[in-house]
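Step one of this worksheet: look at the structure below.
The values are calculated or read from the model by the stated rules, or taken from the named source; none is laboratory data. Values in this document were obtained by computation on a predicted structure and should not be read as measured data. Cβ: placed from backbone, ideal geometry, glycine included. Neighbour counts: every protein chain shown.
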Amino acid sequence: MTETEKQIIATLDKIRHFLQRDGGDVQFVKFEDGIVYVTLHGACQDCMLASDEIKGFVEVILQEEVPGVIDIRLV
């Protein structure tokens, strides 16, 4: 596991409680070419706003916290 991947996971761990509060969760899958790939679980998995929340919340925080992150995508 690379240092960047460790930073991504640590950052996701810091914000995970916001998603869990609403019955959801996010799981890191991989980091490739500046893109973080994640899966959603629980309430987030079926939420129509999940894509917006990932882009508007999780992506912004990852970009601020982890150098080299340019995008986040759901898998």
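Numbers for the structure displayed
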read-out	value
The stretch 51-64 - residue that is of a type in the set (D, E, K, R) and within 17 Å of VAL26 (Cα to Cα) and, of those, modelled with the highest pLDDT	GLU59
Residue count, the stretch 7-23 (criterion: surrounded by 13 or more Cβ atoms within 10 Å (Cβ to Cβ) and without any contact (Cβ under 8 Å) to a residue 24 or more places away in the chain)	3
Condition broken by ASP25, with the remaining ones in (1) in contact with a Gly (Cβ under 7 Å, 6 or more places away or on another chain); (2) among the acidic types (Asp, Glu); (3) at pLDDT 90 or above satisfied	(3)
